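What follows is a set of notes on a single structure, which appears directly below.
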Amino acid sequence: MTNVAIPDPKRRALGKGLDSLLPRPASAPSTGDTEGGRPREIPIDLIEPNPFQTRSHVNEEQLAELAASIAANGVVQPVLVRPVAGGRFQLIAGERRWRASKLAGKNTVPAILRQVSDEQAMEITIVENLQRADLNPMEQARAFERLAREFHMTQEQMAQRTGKDRASVSNFLRLLKLPSSVQTRVEAGVLSFGHARALLALEHAEEMEKAAQRIASLSMSVRQTETYVQGLIDPSRKSRKEPKGEPPVDPNVRDAQEQLQRALGLRVVIDDHNGRGKVIIEYGRLEDFDALMERLVREA
């Protein structure tokens, strides 16, 4: 007997989210430059970048890898564009594919044309970016804030639209309470999502800034940071010994750890010893644990 896999509708959160934002053409067949569902090859030089892009950093190494893949295999997923004045087009989604295609020396890129307003284009861009795992924590926080501010979405609505847990949305939004200097450290990767969450336990911006500087200078782990912050809040709990910096962590392990933290919205520690070790996922509320269990079981 052959087992047939039944697709989980929740795993298509991005597609469902974008479908709800994109106006579809009428039942009459489209012609010429009218919008349609089939991709068409559009000259790369006629496409303008997306003015609503929430991503502020692009990993050049990953972009080069994508360009090499496109050079060998072409663009697998079309970009999304809308027509603008002068016979040109403006990106809505797929900026990395567009940039990598240029880097690969392609003259055209497959694109799907959509007629959307500025507001729709902005919302589509934000939702599409939030579905990706490579946004840094501050980029994600600002993207959620824009959805709340400009589209009046609740945290529950944002979670449904982007396929994330509501608790994760809340945790990212809290990062915006950090002082700008600390946000800059998080954005640069000097401090992780876990470090930032620990600092939010402090009441005053000056305390956060001083603590962040010390945490970075000593290369404290997230666990050390939590202990250090608790010591600042309650001196009676302060360790007798000053926190010491831990041995350098393999960049690949640190990157994987930070990706998991961004994806799950929870503190993650990878204890690796020459390819063997353990992954520790910590939660602060029962709701976070339930959401994690549902996610892991769903994707198993």
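Derivation of every value follows stated rules applied to the coordinates shown; laboratory data play no part. Everything numeric in this text was worked out from a predicted model, so none of it was measured. Neighbour counts are summed over all protein chains in view; Cβ atoms, including those assigned to glycine, are modelled from backbone coordinates with ideal geometry.
Details
- Highest mean packing first, where packing is the average number of other Cβ atoms within 10 Å per residue, the peptides 186-193, 91-98 line up as 91-98, 186-193.
- Förster radius 25 Å - calculated FRET efficiency between LYS210 and SER236, Cβ distance, rounded to 0.05: 0.80
- Taking 7 Å steps out from each Cα toward its Cβ at LYS177 and GLU60 produces label points 3.8 nm apart.
- For the pair GLU119 and ASN107, the difference between a 0.36 nm per residue extended length and the Cα-Cα distance amounts to 1.4 nm.
- Shown is the FRET efficiency for THR154 and SER69, computed with R0 = 35 Å from the Cβ-Cβ distance and rounded to the nearest 0.05: 0.35.
- Using 0.36 nm per residue and subtracting the Cα-Cα separation, the extra length available between LEU200 and ARG254 on full extension is 17.3 nm.
- Simple spin-label estimate for MET293 and ASP272 in nanometres, 7 Å along Cα-Cβ: 3.0 nm
- Two-decimal log10 I(q)/I(0) for the range 137-299, as the Debye equation yields it once each C-alpha is a single scatterer, q = 0.08, 0.19, 0.21 Å⁻¹: -0.25, -1.32, -1.49
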